[in-house]
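Taking it in order: structure first as structure tokens, then the write-up.
The values are calculated or read from the model by the stated rules, or taken from the named source; none is laboratory data. Predicted model only: the values in this text are computed from it and were never measured. Note that each Cβ is placed from the backbone with ideal geometry, even for glycine, and that neighbours are counted across all protein chains shown. For accessibility, only protein heavy atoms count, side chains too; no ligands or nucleic acids. Shrake-Rupley method; radii C 1.70, N 1.55, O 1.52, S 1.80 Å.
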Amino acid sequence: MIPYGRDPGASALLTDLYQLTMLKAYFERGMNEVAAFEFFVRKLPAQRNFFMAAGLEQVLEFLEHLRFTDEELAWLATQPGFDARFLDWLAKLRFTGDVDAMQEGTAFFCDEPILRVAAPLPQAQLVETRLVALLHFSSLIASKAARCVLAAPGKLLVDFGLRRAHGAEAGLLAARAAYLAGFGGTATVLAGVRFGIPLYGTMAHSFVQAHAHEAEAFVDFARAHPENTTLLIDTYDTEAGAQKVVELAPRLAREGIKVKAVRLDSGDLAAHARKVRRILDEGGGRDIRIFASGGLDEYELEKLSAAPIDGFGVGTSLVTSSDAPGLDCAYKLQEYAGVARRKRSEGKATWPGRKQVFRSADGDLLGLASEHQAGTPLLQPVMRAGKRLAPAEPLAAARARARDALAWLPAQLRGLTRAGPAYRVEVSRALRALADEVDRGGT
């Protein structure tokens, strides 16, 4: 029995069965030459203009620690098709390959590989499922969060999505991806522990309801959290709640407590914010900020960006990427045993060989990794022979890169809808020639 408490994300069995069935066949045939696989996204979702790369750190951590435990091998022994010789081979399996990747926080576009794995075929094949899951989800959420950042410039954005996330790992990694893309913090405590992300939290309506009087709830919370007094004021009547805050503020100030902010969570947020701002200002609370939450996405943020609201909590739409909950992404074999390979399935053809993305002022060029082209090569070596080439990058560095990437985006790509021409991505002559050569020699 595999221990329940083990992190499932660390298990080599968190994979598709066909990875193991293919490994068995590779093992029996002795197919162990180096294979190059690349992860890319085929097309942009409706109204999207770019993607943002994220998830590389989790990929490298997974590859560094990949192994089958005794418990996992014992369970596999109970399944048909996995004999003792194969299981003994699996017991020794470690990732010994190379990884080249775009750095986290990099903007990328359709058909551009953001990661390449070059490793003995069984290794490169086995890791497919977990790598796709990690890169897909983190890049999906980072891309969604980046849109929110563009929609509400200068506003504090906080991830409120854990309770609506599709599982614990999704909630945790969504907090990281959102912070990477420019959010200011998260409500997810474990994300603060794991990643050092600033934590934000106030109170729930239940806290107010548990008290006989709303003002009593405000005072109790303020005394419990004198350094972080943010009061939820819309449990009953939003404007009346704001008035109570104004009346209580001098009393709390005499106790050395300063009300930091109020939170709105329902109704017409723009209208309430204007009324609350007036009440606070007229009552001497000009420095009390207004924070809003409740069913927000990037489109609502754009509408509310001119309202007197200082920050927003974004939950469900962020962690589920509600407008585009999945990307048409793939991890495909591009070379085996030194020979370029190409999938030619209808509507899903790939560009063969190991590739590189060269970025210049004129756009991107998708070419062969062996080419020398103008521009900055975006895929960089990050792992060789199964070992990282550098310590884990601080999340702050990826966050700064994402900030620069959003500032770099052409104006027509910064909006929430498609306007003007798509970003220019050309394919090099050498890559086209290789594709023709593979097609001529293919079966």
Among 429-437, 231-239, how do they line up by average Cβ neighbours within 10 Å per residue, starting with the highest? 231-239, 429-437
Determine the dipole magnitude for the chain: charges of +1 sit on the beta-carbon of Lys and Arg, -1 on that of Asp and Glu, nothing else is charged, the reference point is the Cα centre, and the result goes in debye to the nearest 20. 680 debye
From the alpha carbon gyration tensor of the range 213-261, can you work out the equivalent ellipsoid semi-axes (sqrt of 5 times each eigenvalue) and give them in Å, largest to smallest? 17, 11, 9
Taking K and R as +1 and D and E as -1, what net charge do the other residues with C-beta under 10 Å from the C-beta of Thr202 add up to? +1
Using the Cα centre of the range 160-302 as the reference point, and only Cβ charges (+1 on K/R, -1 on D/E), how large is the resulting charge dipole? Debye, rounded to the nearest 20. 420 debye
Hey, can you grab everything whose amide H is under 5 Å from the amide H of Arg67? Only 5+ residues off in sequence or another chain; H modelled, so Pro and N-termini drop out. Ala12
Calculate what fraction, in whole %, of the accessible area of the range 34-155 sits on carbon and sulfur atoms when a 1.4 Å probe is rolled over the protein chains. 54 percent
Lys275-His213 FRET efficiency (beta carbon distance; Förster radius 22 Å; 0.05 resolution): 0.50
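Under 8 Å for C-alpha pairs, at least 6 residues apart: give me the relative contact order for the range 119-179, rounded to a whole percent.
Over the range 119-179, the number comes to 39 percent.
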At a 1.4 Å probe, what is the % contribution of carbon and sulfur to the accessible area of the range 363-443? 55 percent
Just tell me which lysines come within less than 16 Å, Cα to Cα, of Lys343; anything on the same chain fewer than 8 places away is out. Lys332, Lys355
How much length is gained if the chain between Ala74 and Arg254 is pulled fully straight, taking 0.36 nm per residue apart and subtracting their Cα-Cα distance, in nm to one decimal? 58.1 nm
So how far, in whole Å, is the C-alpha centre of the range 39-101 from the one of the range 130-151? 20 Å
Distance between the range 282-339 and the range 159-176 - C-alpha centres, whole angstrom: 13 Å
Non-local amide H neighbours of Arg289 (under 5 Å, H modeled in plane, Pro and chain starts lacking H): which ones? Ala261, Val262
Got the relative contact order for the range 1-96 handy, in percent, Cα pairs under 8 Å and 6 or more residues apart? 39 percent
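Hey, what number do you get for the chain at 222 nm if only DSSP H runs of n ≥ 4 count, each worth -39500 (n - 2.57), divided across all residues, to the nearest 500?
-12000 deg cm²/dmol
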Within the range 24-43, find all residues whose amide N lies under 19 Å from a label point positioned 7 Å from the Cα of Trp89 along Cα-to-beta-carbon. 24-36
In the full protein assembly as shown, how much of Asp297 is accessible to a 1.4 Å probe, in Å² to the nearest 10? 40 Å²
Put +1 on the Cβ of every Lys and Arg and -1 on every Asp and Glu Cβ in the chain; which of Ala369, Leu232, Leu150 then has its Cα farthest towards the positive end of the dipole? Ala369
Measure off 7 Å from each Cα along the Cα-to-Cβ vector at Thr129 and Tyr299, then give the distance between these two points in nanometres to one decimal. 3.6 nm
Could you tell me which of Leu90, Ala101, Ala124 has its Cα farthest along the dipole of the range 67-197 towards the positive end, charges placed at Cβ (Lys, Arg +1; Asp, Glu -1), taken about the Cα centre? Ala101
1.4 Å probe accessible area per residue over the chain, in Å²: 46 Å²
Given Cβ point charges of +1 (Lys, Arg) and -1 (Asp, Glu) and nothing else, what value in debye, to the nearest 20, does the dipole of the range 308-443 about its Cα centre take? 400 debye
Contact order relative to length for the chain, counting C-alpha pairs under 8 Å separated by 6 or more residues, stands in percent at 22 percent
